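The values are calculated or read from the model by the stated rules, or taken from the named source; none is laboratory data. Keep in mind that what you see is a predicted model, and the values were worked out from it rather than measured. Using ideal geometry, Cβ is built from the backbone for each residue, glycine included, and neighbour counts are taken over all protein chains shown.
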Amino acid sequence: MSVLRTKSIEQSIADTDEPEYQLKKSLTALDLTVFGVGVVIGAGIFTLTGRVAHQMTGPAIVISFIVAAVCCGLAAMCYAEFASTVPVSGSAYTFSYASLGEVFAWIIGWDLILEMFLGASVVAQGWSAYFGVLLKKLGLSLPTAVSYGGVVDLPAIVLVLVLGLLITIGIKESMRVNLVLVGVKLFIVLFVIVAGLMFINPANYSPFIPDPAPSAATTGFSWTQPLLQWLTGSAPSVFGWGGVFAGAALVFFAYIGFDVVATTAEEAKNPQRDLPIGIIASLTICTILYCAVALVVVGMVNYTEIDPSAALANAFAHHGQDWMATLISAGAVAGLTTVVLTLMIGATRIIFAMSRDNLLPISLAKVHPRFKTPWKISMIVTVVCAITAGFTPIGVLEEMVNIGTLTAFILVSIAVVVLRRKRPDLPRAFTVPLVPALPITSALICFYLTLNLSLETWVRFIVWMALGFIVYFSYGYRKARLATGAPLPHDVQAAMDDGVVKRPDAQ
């Protein structure tokens, strides 16, 4: 028994035929692209843009978005190659299990659980903020204690519970709702870009990169300073080029989503063709829209006056356009709904894949006989996300999401190189160019961005990983199907013995 034991590609694909753990194939390239756009466009535009521009980058937030997009673009190609080669639920977890070994698969799966759980919770809080703004525009309000920033964030809890019910009913039904809400969100984003052009003041772009300034902690040690600043002994600061790169590490959160597309690989009708299209198309669309919106917002309002909580809506309110602010708030409510929905779906699929391998209890992975969804996992995800969104203080979760995702990107980039060497015979519908240079560059950029996250984020991440290793060595290492040799159902085993199990290129 070894922590580096690997699960073959053929075995991973064979497992998708087990009747009790089989997901329904119903997603097209359009579904996957909309799925990606639905989860990517949201937090970055509606919540993070104003906060990062105001606190760290000034107008240079556009450069931060571009840096983060380059990082994600390189990682996206690695994901596309893996997803088209191994069309199985689990995304980077499944890819690592087939290439780097079980312990790395566990690390990446544990990271992705962190990303999806906290990501859904953070965005639910952002949704609650815009919901409160919308209510005020309509002359309504909730008691302070049970609204955004209160003792309990009741709107965020209700949102998560409703979406939890939806993802339990079915993936296709979830996608129909997602398609409508993504349409609303894209309309609002394009509206902001076009309408905002009328209110741009070119003077707001100067200075484009503000001079470096001391952060809130001007002397001594600070848990909030980036790890890189602490390692180099430089004083905590914001703005300047240091602020731009630190901002990139934060707005990276805005791009989380294209990797979630890979978690639905097993539910795609033609994964070899559709997954690369969905991953790369959604990232390209979102990068263009992000940069355009960022330019408009920092042009409408000087970065020193931007409202960090609801930047888009309040940028128009700043110019006396309250009706526009109301429209944008409504669009944000619809838009952020899709982000929470897709992150919750991603969380269920990661846990589903890990449970089917018995690294987590295999009983969780059984699908509902009618809905064909992992209903037990959906319930767990819903409850955890609702509690986290409802009771966690605002602003402490974003960086935790980023460090988990960046770690996953690093391992996926390395895994592409490893699997190319170990299994050059595998059919690959999409291949990353310039291997190994491009995947290694991807891993290095992702690692550099992790160094720009705060010390407290690193400490929390280390604690989370320590907890993960405790779970792995106390349960998963001994109980994994690779360790116990638990047989597959009779019909699947017979198909494997006869050599007729679907290969990655079989459709």
- Return the only residue of 312, 283, 360, 343 being part of a loop (DSSP other than H, G, I, E, B) and surrounded by 24 or more Cβ atoms within 10 Å (Cβ to Cβ). 360
- Hey, does segment 420-431 have a residue that's in contact (Cβ under 8 Å) with a residue 40 or more places away in the chain and within 20 Å of the chain's Cα centre (by Cα)? no
- Return yes or no: is residue 376 modelled with pLDDT of 85 or more, in contact with a helix residue (DSSP H, G or I) (Cβ under 6 Å, 6 or more places away or on another chain), farther than 30 Å from residue 459 by Cα and not hydrophobic (A, V, I, L, M, F, W, C)? yes
- Message: Being of a type in the set (S, T, N, Q) and either within 18 Å of residue 329 (Cα to Cα) or in contact with a Lys or Arg (Cβ under 9 Å, 6 or more places away or on another chain) (or both) is the requirement here; does residue 121 meet it?
- Response: no
- Task: Report those helices (runs of 4 or more DSSP H) wholly inside segment 372-459 carrying at least 1 residues which are within 22 Å of residue 104 (Cβ to Cβ).
- Result: 398-422, 437-451
- Is segment 243-263 home to any residue that is at pLDDT 85 or above and in contact with a strand residue (DSSP E or B) (Cβ under 6 Å, 6 or more places away or on another chain)? no
- Total residues in segment 264-291, condition within 22 Å of residue 350 (Cβ to Cβ), at pLDDT 80 or above and among the hydroxyl-bearing types (Ser, Thr, Tyr): 1
- Message: Name the single residue that is nearest to residue 403 (Cα to Cα) among those in segment 214-235 being surrounded by fewer than 13 Cβ atoms within 10 Å (Cβ to Cβ) and at pLDDT 75 or above.
- Response: 223
- Query: Which one of the conditions (1) among the aliphatic types (A, V, I, L, M); (2) part of a helix (DSSP H, G or I); (3) modelled with pLDDT of 90 or more; (4) within 25 Å of residue 308 (Cβ to Cβ) does residue 162 fail to meet, given that it meets all the rest?
  - Reply: (4)
- Query: Within segment 55-76, which residues are in contact with a Cys (Cβ under 7 Å, 6 or more places away or on another chain) and under 10 Å from residue 245 (Cα atoms)?
  - Reply: 65
- Matching residues in segment 124-133 - criterion: being modelled with pLDDT of 85 or more and either over 23 Å from the mean Cα position of the chain (by Cα) or within 13 Å of residue 388 (Cα to Cα) (or both): 124, 125, 132
- Identify, from the list 394, 403, 362, 387, the residue that is at pLDDT 90 or above and on the phi < 0 side of the Ramachandran plot. 387
- Query: Pick from 298, 367: which is part of a loop (DSSP other than H, G, I, E, B), among the aliphatic types (A, V, I, L, M) and more than 21 Å from residue 108 (Cα to Cα)?
  - Reply: 367
- Quick one: what pairs do we get from segment 108-123, first residue in contact (Cβ under 8 Å) with a residue 24 or more places away in the chain and crowded, with 24+ Cβ neighbours inside 10 Å, second hydroxyl-bearing (Ser, Thr, Tyr) and part of a helix (DSSP H, G or I), C-beta under 6 Å, 6+ apart or different chains? 108/93; 108/96; 109/93; 111/407; 115/405; 121/388
